[in-house]
Amino acid sequence: MKKLIRPFKTLLPLLLLLQVNAFAQNDNDNKNDDNKKYGFEKSKSVNRTYNVSATDRLNISNSFGKVEVNTWNKNEIKVDVSIEVSANTDALAQKMIDRISVSDEKNGKEISFKTTIKDMNNSKGEKSRMTINYRISMPASNPLQVKNEFGATIIPDHAGEVDLVSKFGSLTAGNLSNVKNVQVEFGKANIESINNGNLVIKYSNATLGKLTGTIKLNAEFSTVIKMDLDSRLAGLDIKASYSTVNLKPATDMSASYTINTSFGSFKNRTEVKFDGDDNDKQDKGPKFDFQYNGKSGSGNTRIHVNTSFGNVILGEPRPEDIKSKSKTKTKTS
């Protein structure tokens, strides 16, 4: 029975991933294909400017387009939204542009923009695409919340609190000094530095540079998540499944490591010494759960990793480390 359960556990998430990717690719006939245009085009725009104090939050909710943030020294938030559609008939293009709207309001300390796309099913032979792009100018110190689906999200260096969600797209960010949450699903992320925060990475690849403060990561079904650990990191707690996590500690980092693997592997490519239970006798049958404990310097920074059906690599990985998909325990090497 156990032999049957384990392959099923591995196969089920892979089937789910293929199904969701197929859905995203086929949705509304190339909505998100920026290079595809049809003969009839329509466009409209929304342009708003708000005077703000240092504590006013900007909340953006968009889909099928880019959200790009720029910072300036004005006490204003300026949002320019460009909506473009194209279709193979003029009537369809008009119907599409009429069904897309952007609402905005200021309620207390929050300024909100939301893209709404009314349901529309193309008839046989109808072809169309749409893009809704946001270009934002705001002070770098104001709080920012962005949820964007099926498009790129670009955030520069930002000192204010950020809460970011990217699904079926990409997230590119500079130095984020005050992170509340970052969530990336079915896409990719590249962030220069992160201070504090809760991170969720699912079905994605991510490169996360210079982690500082206290950080929690939940990773699922992600090919590779690369994380640079700065010496100012106070604590890191990782829960991962079906993912490869690559931790690269700074050379002057003092940390204590606890790494637990279940049906996974741990590879140490640093000079940090670990005590593990690889050599435990297996008189009572095979063992798939292992714990490794290590320490560098005074061990001030606590790093705790729990992974199942995945890989943990400490230090600079070898090519085979990334490519390998360990199915059972692997000794540290």
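Every number in this text was worked out from the coordinates using simple rules, so none of it is lab data. Since this is a predicted model, take the numbers as computed values, not measurements. Counting neighbours? That spans all protein chains shown, and the Cβs are built from the backbone with ideal geometry, glycine included.
Summary table
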read-out: Restricting the stretch 184-291 to trypsin sites (Lys or Arg not before Pro) in coil, as DSSP defines it, with at most 14 other Cβ within 10 Å; value: Lys281, Lys284, Lys287
read-out: Violating pairs (Cα-Cα greater than 30 angstrom) within the set Lys36/Lys114; Lys36/Lys226; Lys42/Lys74; Lys210/Lys273; Lys216/Lys287; Lys226/Lys295; value: Lys36/Lys226; Lys42/Lys74
read-out: Inter-part distance where the stretch 55-87 and the stretch 250-264 are each reduced to a Cα centre, Å; value: 39
read-out: 10 °C / 1.306 mPa s Stokes-Einstein diffusion coefficient of the stretch 61-156, Kirkwood radius on C-alpha pairs, µm²/s; value: 108
read-out: Projected label distance in nm at Asp98 and Asn75, using a 7 Å step from Cα toward the beta-carbon; value: 4.4
read-out: Principal axis dimensions, largest first and in whole angstrom, of the stretch 208-303 by Cα; value: 44, 31, 20
read-out: Radius of gyration and maximum dimension Dmax of the stretch 157-333, Cα, Å; value: 15.9, 56
read-out: Amide proton proximity set for Ile238, modelled H, under 5 Å, gap of 5+; value: Leu217, His304, Val305, Asn306
read-out: Relative packing of 115-123, 314-322, which averages over residues the other C-beta atoms within 10 Å, highest first; value: 314-322, 115-123
read-out: Restricting the stretch 39-136 to chymotrypsin sites (Phe, Trp or Tyr not before Pro) in coil, as DSSP defines it, with at most 14 other Cβ within 10 Å; value: Trp72
